[in-house]
Amino acid sequence: MIAAQAEDFVSFRATARTLLAAGIPPDQVAWGDSLFASNVDLPNQANPVAVPRDFLALAELVALHRDSVKWPLLYRVLYRLTHGERDLLKVDVDDDVRALLLMEKALRRDMHKMTAFVRFRRVRDAEPEYFVAWHRPEHYIVERMAPWFRNRFGSFRWSILTPDKSAHWDLENLTFGPGVPRSDAPDEDALEDLWRDYYRSIFNPARVKFKAMKAEMPVRHWATLPETQIIPSLLLEAEGRVLKMAKEQKGSAAAYVPDVRELAMLQAAARGCKGCDLYAHATQVVFGEGPSDAAVVMVGEQPGDEEDQKGHPFVGPAGRLLNKAMNEAGLDREKIYVTNAVKHFKFIERGKRRIHAKATGIEISACRPWLEAELMTLQPQLVVCLGATAAQSLMGRDFRITTERAKFFPHRWAKELVATIHPSAVLRMPERFDEEYALLVRDLTIIAERVKELEKTS
Ligand code: SF4
């Protein structure tokens, strides 16, 4: 009996090739964990054996299965494939093939579950912004799935922690570390502690750009000072100071937002807002509308002329186009809460006409406390930003609709956030209307699919 060992697909392939080339039949090989592998005395090797390509693809996947019977099973099938049963994989009533296919199915289900159940949460005091998720896959799929998360959530730094392995994305590199030895899923605080254990090992204080911190400690010494332990709390304090200043200063709705989680009360309070100058010219505030248990919140830029007169969001031409596109995409507006990043209409007068004028960054910032209060109250699964103003209000000024549309990002106010073009932008491009409208419907269709997935897992 020859003892062989495999830890992953690469080592299995190397060992199996050696055994196969030496003509060792499966019943003479004991696959295990001990390190005999390729140092056993094998008979003189014959010519290397050609392995069917579809078996290699299947074996690469099945190698991720947790059950170690996979190794003798894979070798048995490989041996048979190369010893007169070239079409074995097509015989799905064969016991070995059936066992392989069941393993493949279990892995595909596990991989799908990972895409559906991994939930990133923002680490409270991390700078730069960082997201972390805990997940317990049934099989060893973290490395296989990490590129999927990088493609989907590539704009954020994140870590996925699992008992077997951890995956980390820093906007440039995908790296892997040891698993988190926990038998049960950690609660939220424990999750942050686990992440901190990892982050402590890679934390680079020189990337933090807080002036106050630079003044308190020379940056060049941060990496070697024990005081670096206090950086998170300094960041927290700094954030608190900024928020306090924003509340005290003019030009913010913060002072008008009541400390309640009730949409009707927020809406009533918004009527008295003088957080910026826009209230002085508009007819009325246009607050968000929709069911209080909405799983999806759509955020536009600001009310238009018709919305300003009627007092309701998305009832003008852009709103009608949005309804049509949502209908085609399979999104039910009745179930969605719609609002705007800025609650008063901004315009310039041309004769009797009032022409939409873009809100400034100051006005968008001033109005953000209302949007945050709405999102905090609703706690939606998904926020859909329509247009750059809404997206930049919630994702920062570097966010670009052109490159990030229809991609899903974790967010502090919802499980995920996604952005697409504003329907009014489609209306403003009559020469490319069909093309842009089709892209809007395409994005909304992707969003509708994601809403269904989120509903299933909520
Ligand atoms: S736009 Fe927003 S911040 Fe400005 S007055 Fe209206 S509600 Fe207040």
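Annotations
Condition check ((1) touching a strand residue (DSSP E or B) at 6+ places or on another chain (Cβ under 7 Å); (2) closer than 30 Å to residue 450 by Cβ) across all residues:
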{"position": "77", "(1), (2)": "no, no"}
{"position": "83", "(1), (2)": "no, no"}
{"position": "92", "(1), (2)": "no, no"}
{"position": "118", "(1), (2)": "yes, yes"}
{"position": "144", "(1), (2)": "no, yes"}
{"position": "150", "(1), (2)": "yes, yes"}
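- Flag for residue 353 being of a type in the set (Lys, Arg), exposed (fewer than 13 other Cβ atoms within 10 Å of the Cβ) and either closer than 23 Å to residue 154 by Cβ or within 16 Å of the ligand (Cβ to nearest atom) (or both): no
- A search for C-beta distances below 6 Å between a residue of the stretch 20-31 that is touching a residue at least 60 places away in the same chain (Cβ under 8 Å) and any residue that is not in a strand (DSSP E or B), counting only pairs 6+ apart in sequence or on different chains, returns 20/49.
- For the stretch 61-104, filtering for residues that are in contact with a helix residue (DSSP H, G or I) (Cβ under 7 Å, 6 or more places away or on another chain), in contact (Cβ under 8 Å) with a residue 24 or more places away in the chain and farther than 23 Å from residue 30 by Cβ leaves 3.
- Residue under evaluation residue 391, criteria (1) assigned to a helix (DSSP H, G or I); (2) touching a strand residue (DSSP E or B) at 6+ places or on another chain (Cβ under 7 Å); (3) touching a residue at least 40 places away in the same chain (Cβ under 8 Å), criterion not met: (3)
- Checked against the criteria, residue 358 counts as of a type in the set (Lys, Arg) and away from the ligand (no atom under 12 Å from the Cβ).
- For the stretch 61-75, the set of residues classified as modelled with pLDDT of 90 or more and surrounded by fewer than 20 Cβ atoms within 10 Å (Cβ to Cβ) consists of 61, 66, 67, 69, 72, listed by residue number.
- Top-ranked residue of the stretch 270-279 - restricted to ones that are in a loop (DSSP other than H, G, I, E, B) and within 14 Å of residue 342 (Cα to Cα), ranked as farthest from the ligand (Cβ to nearest atom): 271
- Filter result (part of a helix (DSSP H, G or I) and of a type in the set (S, T, N, Q)) within the stretch 351-388: 365, 377
One line per residue, one yes/no per condition, for (1) among the basic types (Lys, Arg); (2) within 28 Å of the chain's Cα centre (by Cα):
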site: 338; (1), (2): no, yes
site: 347; (1), (2): no, no
site: 358; (1), (2): yes, no
site: 378; (1), (2): no, yes
site: 387; (1), (2): no, yes
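- Residues of the stretch 119-164 that turn out to be in a loop (DSSP other than H, G, I, E, B) and of a type outside the set (Asp, Glu), as a count: 18
- Inside the stretch 421-458, residues that are within 25 Å of residue 132 (Cα to Cα) and touching a residue at least 24 places away in the same chain (Cβ under 8 Å) make up a count of 10.
- Scoring residue 398 on the criteria (1) touching a Cys at 6+ places or on another chain (Cβ under 9 Å); (2) assigned to a loop (DSSP other than H, G, I, E, B); (3) farther than 30 Å from residue 280 by Cβ leaves a single failure, condition (1).
- Residue match in the stretch 301-318 (condition: assigned by TED's automatic domain parsing to the domain that holds residue 406, surrounded by 17 or more Cβ atoms within 10 Å (Cβ to Cβ), closer than 18 Å to residue 443 by Cβ and in contact (Cβ under 8 Å) with a residue 60 or more places away in the chain): yes
- Of the residues screened, residue 110 is one that is touching a residue at least 24 places away in the same chain (Cβ under 8 Å), assigned by TED's automatic domain parsing to the domain that holds residue 19, surrounded by 13 or more Cβ atoms within 10 Å (Cβ to Cβ) and among the charged types (D, E, K, R).
- In the set (1) within 13 Å of the ligand (Cβ to nearest atom); (2) in a helix (DSSP H, G or I), residue 323 fails one condition alone, (1).
- Members of the stretch 22-40 that are outside any loop (DSSP other than H, G, I, E, B), at pLDDT 85 or above and either within 41 Å of the chain's Cα centre (by Cα) or of a type in the set (A, V, I, L, M) (or both): 29, 30
- So residue 394, is it surrounded by 22 or more Cβ atoms within 10 Å (Cβ to Cβ) and at pLDDT below 95: yes
- Exactly one residue among 433, 399 is crowded, with 18+ Cβ neighbours inside 10 Å and in the same structural domain as residue 293 (by TED's automatic domain parsing), and that residue is 399.
- Residue match in the stretch 55-75 (condition: farther than 30 Å from residue 399 by Cα, touching a Gly at 6+ places or on another chain (Cβ under 9 Å) and not β-branched (Val, Ile, Thr)): yes
Residue by residue, here is whether (1) out of contact with any strand residue (DSSP E or B) (no Cβ under 7 Å at 6 or more places or on another chain); (2) away from the ligand (no atom under 16 Å from the Cβ) holds:
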| site | (1), (2) |
| --- | --- |
| 255 | yes, no |
| 268 | yes, no |
| 281 | yes, no |
| 290 | no, yes |
| 295 | no, yes |
| 298 | no, yes |
| 316 | yes, yes |
| 328 | yes, yes |
| 333 | yes, yes |
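The values are calculated or read from the model by the stated rules, or taken from the named source; none is laboratory data. Quantities reported herein were computed from a predicted structural model and do not represent experimental measurements. So basically every Cβ, Gly included, is an ideal-geometry build from the backbone, and we count neighbours across all protein chains shown.
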